[in-house]
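The values are calculated or read from the model by the stated rules, or taken from the named source; none is laboratory data. Values in this document were obtained by computation on a predicted structure and should not be read as measured data. Note: ideal-geometry Cβ built from the backbone for every residue, glycine included; neighbour counts use all protein chains shown.
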Amino acid sequence: MAAEVRVLGLFPDDGKAARAIRDLASAGFTFRRAHSPIPSARLREAVGGRKSPVGWFTLAGGLFGFGFGFALAIFTAVQWNLIVSGKPVVALIPFFVVGFECTILFSVIGNVVGLLVCTRLPDFRGLETYDPRCSADRFGVLASCPAGREGELLEFFRKKGAEVRLWP
Amino acid sequence: MSELTFARIDETVHATLTPPRRGYWGIVLLLFCGVLLGAGCWVYQIAVGIGVGGQNIPVAWGTYLINFVFWVGIAHSGTLISAILHLLRAGWRNPIARAAETMTVFAVCCAGLFPFIHLGRLWQVYYMLPYPNQRQLWPNFLSPLMFDVIAISTYLTVSALFWYTGLVPDLAAVRDRATGMRQKVYRVLSLGWSGAHDQWLHYSRGYLLFAALATPLVISVHSVVSWDFALGVVPGWHTTIFAPYFVAGAIHSGLAMVLTLMIPLRRIFRYEAIITVAVLENVAKTMVLTGLLVGLAYGTEYFIAWYSGNPVEWESFRWRATGEYAYGLYFMVVGNVLLPLLFLAPAVRRSLPALFSLSLVVNFGMWWERFVIIIGGVAHDFAPHAWGLYAPTIVEYGIMVGSFSLFFLLFVLFCKHLPSVSMTEMKETLAHGR
């Protein structure tokens, strides 16, 4: 397999970056990744939208938390099975408070786990083909091509109005 | 906002992270001495016993509980600003959201200390954990105090995770400009964030879900705190309006603390172009609303006491207005309800000295509200022979100074080491014209 080179085009706005992403495939280059200092709907649209599955992790955490909260309150109550002031040992209304708080707690923990899994963080290898200007005011588009065609890719990005960086 | 650019936002925020001057370390030292004072008083109390505080029979809950409720209240506006206003797409919250979230985390830390302090025998804290004791008894979740343990620890965990998640893209931006050891530290803290399109896709979704989950949580936490009192059969406490009353008061006091912190921060760090007067004005307008809600709750309490026809309840409220602590009631009514109405005048809410002064007044008034509720209820309950008074001791004042010093110390350290304004959210505001 021929060696591959990677080129990062740095655009001043997300509109130009999105147009470059759309034209990359027809010019025979492979789109790898886009970097931006803010979430950009234009870039998301150009890259091709898919829904984030983070919400499923959140939902799973919430369902677990709801069950766990109620189960904890019920389990601790029945360990000392004594009716006080005619109140039921397993009292669902006060236990709902524990269930609710645990729902939120575990939903948030599920959300964080989902974020870490989906974004694959921590990941320091992604910074190898990254330019610090992408966290400031530039929108980066990383593309690749077979070795020997890097001149064409550099020219492609320049024509689209980008500054360029090349990684062999 | 029109003169702002992405580069200018970065420059302004990065400039706050340059090595501090000597004056900064002087403030840090002063606050650290305050923390040491509080810690010393606490150690003294542990060594001698809880009796060094002014708590007595019938007033068993003193400044420790007042400060607990005060700090939990302060913690609420951070989540209001970062979560509720985020869901409502209120762009004006972006310049102050980070500092407000930070305030939330530090205020919950301060609040969380007080149950430990009030416990006296600190080493028996494990009684509150879901863990069987030597007689195989488990903590019982029918008690509002146990609800509190769950609610406050959930709130601390959620607000800390929410705060850190919001910080990650900004930590990456700081990493990209830092050098040497600082760069290594920020590199680890930012988890290798690169702002890749798929990272943003999941991040935006996750952040929205965070906000959606934090919103009911913030309302539930202060409701649970209010039930510490409302579920007790004590005149002045045993009322169904406590949950919304406490939530409104919490947001009111939290907004006041936002102004107290933001106005000096804006001046010291030259944030004038980012934290505009219009942003502070919006906080003041929101305080008019929360102040009126708090005023409605004060009035409703009196109405309920009168309309119930319960002589004990009515006596408790009569005593509040005419008894030994009547000044507390007037502090809270004037400070929390009447003076914030001055914000109805545009000239007042656009004046920084007026905003700052009134924010201090509301902080003062809200502390006294908690005094009136917590002390007033038990000091003058059912039986006249059991009535009693309470005054904090020097040890309690020392611990109170310690808690305020700890809060401001943590905030001062934060401001110089982490981005105190969210660069990402400010850039989004700029890009989307909100």
>> Looking only at segment A:50-61, filter to residues that are in a helix (DSSP H, G or I) and within 8 Å of chain B (Cβ to nearest Cβ); which one of those is nearest to A:Lys16 (Cα to Cα)?
In response: A:Val54
> Could you say which residue among A:Phe75, A:Phe95 is farther than 30 Å from B:Met426 by Cα, in a helix (DSSP H, G or I) and either without any contact (Cβ under 8 Å) to a residue 12 or more places away in the chain or among the polar types (S, T, N, Q) (or both)?
Replying inline: A:Phe75
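Conditions (1) among the aliphatic types (A, V, I, L, M); (2) surrounded by fewer than 16 Cβ atoms within 10 Å (Cβ to Cβ); (3) within 14 Å of chain A (Cβ to nearest Cβ); (4) touching a strand residue (DSSP E or B) at 6+ places or on another chain (Cβ under 9 Å), marked per residue:
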{"site": "B:Ile373", "(1), (2), (3), (4)": "yes, no, no, no"}
{"site": "B:Phe404", "(1), (2), (3), (4)": "no, no, no, no"}
{"site": "B:Ser420", "(1), (2), (3), (4)": "no, no, no, no"}
{"site": "B:Met423", "(1), (2), (3), (4)": "yes, no, yes, no"}
{"site": "B:Glu428", "(1), (2), (3), (4)": "no, no, yes, no"}
> Inside segment A:98-125, can you point out the residues that are without any contact (Cβ under 8 Å) to a residue 12 or more places away in the chain, within 7 Å of chain B (Cβ to nearest Cβ), outside any loop (DSSP other than H, G, I, E, B) and not hydroxyl-bearing (Ser, Thr, Tyr)?
Replying inline: A:Val112
> For B:Val362, are the conditions met, namely being touching a Gly at 6+ places or on another chain (Cβ under 7 Å) and either closer than 25 Å to B:Val72 by Cα or not in a helix (DSSP H, G or I) (or both)?
Replying inline: yes
> Hey, any hits in segment B:249-262 for a residue that's in a loop (DSSP other than H, G, I, E, B) and not charged (D, E, K, R)?
Replying inline: no
> How many residues, within segment B:140-167, are at the interface with another protein chain (Cβ under 7 Å from one of its Cβ atoms) and either buried (at least 21 other Cβ atoms within 10 Å of the Cβ) or among the hydrophobic types (A, V, I, L, M, F, W, C) (or both)?
Replying inline: 8
>> Here is a check on your reading of the model: is B:Tyr203 buried (at least 24 other Cβ atoms within 10 Å of the Cβ), in contact (Cβ under 8 Å) with a residue 12 or more places away in the chain and within 19 Å of the chain's Cα centre (by Cα)?
In response: no
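Look through segment A:16-39, keep the residues that are in a loop (DSSP other than H, G, I, E, B) and polar (S, T, N, Q), and return whichever of them is nearest to the other protein chains (Cβ to nearest Cβ).
By that ranking, first place goes to A:Ser36.
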>> Could you go through segment B:5-13 and let me know if any residue there is touching a Leu at 6+ places or on another chain (Cβ under 7 Å), within 14 Å of another protein chain (Cβ to nearest Cβ) and not in a helix (DSSP H, G or I).
In response: no
>> Checking B:Ser194 against (1) away from every other protein chain (no Cβ under 12 Å); (2) surrounded by 22 or more Cβ atoms within 10 Å (Cβ to Cβ); (3) among the polar types (S, T, N, Q): exactly one of these is not met. Which one?
In response: (1)
> Restricting attention to segment A:40-49, which residues are touching an Asp or Glu at 6+ places or on another chain (Cβ under 7 Å) and either assigned to a loop (DSSP other than H, G, I, E, B) or facing chain B (nearest Cβ under 8 Å) (or both)?
Replying inline: A:Ser40, A:Leu43
> What tally of residues in segment B:234-248 results from selecting those that are touching a Phe, Trp or Tyr at 6+ places or on another chain (Cβ under 9 Å) and not in a helix (DSSP H, G or I)?
Replying inline: 6
>> If B:Gly433 meets every condition in (1) on the phi > 0 side of the Ramachandran plot; (2) touching a residue at least 24 places away in the same chain (Cβ under 8 Å) apart from one, which number is that one?
In response: (2)
>> Given the options B:Gly62, B:Gly34, name the one that is more than 14 Å from chain A (Cβ to nearest Cβ) and modelled with pLDDT of 95 or more.
In response: B:Gly34
> Can you tell which of B:Leu292, B:Leu296, B:Leu265 is without any contact (Cβ under 8 Å) to a residue 60 or more places away in the chain, farther than 17 Å from B:Val372 by Cα and surrounded by fewer than 24 Cβ atoms within 10 Å (Cβ to Cβ)?
Replying inline: B:Leu292
> What number of residues in segment B:134-169 are assigned to a loop (DSSP other than H, G, I, E, B) and hydrophobic (A, V, I, L, M, F, W, C)?
Replying inline: 4
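One line per residue, one yes/no per condition, for (1) in contact with a Cys (Cβ under 9 Å, 6 or more places away or on another chain); (2) at pLDDT 90 or above; (3) surrounded by 13 or more Cβ atoms within 10 Å (Cβ to Cβ):
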residue	(1), (2), (3)
A:Asp23	no, yes, yes
A:Arg32	no, yes, yes
A:Ser36	yes, yes, yes
A:Arg44	no, yes, yes
A:Val54	yes, yes, yes
A:Ile74	no, yes, yes
A:Gly86	no, no, no
A:Leu92	no, no, no
>> I'd like to verify a number: residues in segment B:173-188 that are more than 10 Å from every other protein chain (Cβ to nearest Cβ) and under 28 Å from the mean Cα position of the chain (by Cα), how many?
In response: 1
> Here is a list of conditions, (1) at pLDDT 95 or above; (2) in contact with a Phe, Trp or Tyr (Cβ under 9 Å, 6 or more places away or on another chain); (3) over 20 Å from B:Val412 (Cβ atoms), and B:Trp71 meets all of them except one; can you say which number that is?
Replying inline: (3)
> Going through segment A:1-15 one residue at a time, which ones are at pLDDT 90 or above, touching a Ser or Thr at 6+ places or on another chain (Cβ under 6 Å) and not in a helix (DSSP H, G or I)?
Replying inline: A:Arg6
>> I'd like to know if segment B:395-402 contains one or more residues that are part of a loop (DSSP other than H, G, I, E, B), in contact with a helix residue (DSSP H, G or I) (Cβ under 6 Å, 6 or more places away or on another chain) and more than 30 Å from B:Arg93 (Cα to Cα).
In response: no
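So that you can scan it fast, the table gives a plain yes or no per residue for (1) among the aromatic types (Phe, Trp, Tyr); (2) more than 22 Å from B:Ala379 (Cβ to Cβ); (3) exposed (fewer than 15 other Cβ atoms within 10 Å of the Cβ):
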| residue | (1), (2), (3) |
| --- | --- |
| B:Val337 | no, yes, no |
| B:Leu344 | no, yes, yes |
| B:Ala347 | no, yes, yes |
| B:Ala354 | no, yes, no |
| B:Val362 | no, yes, no |
| B:Gly365 | no, no, no |
> Are any residues in segment B:386-398 of a type outside the set (Gly, Ala, Ser) and more than 18 Å from B:Arg320 (Cα to Cα), and if so, which ones?
Replying inline: B:Pro392, B:Thr393, B:Ile394, B:Val395, B:Glu396, B:Tyr397
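Does A:Gly140 meet the test of being among the small types (Gly, Ala, Ser) and either at the interface with chain B (Cβ under 7 Å from one of its Cβ atoms) or part of a loop (DSSP other than H, G, I, E, B) (or both)?
Details: among the small types (Gly, Ala, Ser): yes; either at the interface with chain B (Cβ under 7 Å from one of its Cβ atoms) or part of a loop (DSSP other than H, G, I, E, B) (or both): no.
Taking the combined requirement at face value, the residue does not satisfy it.
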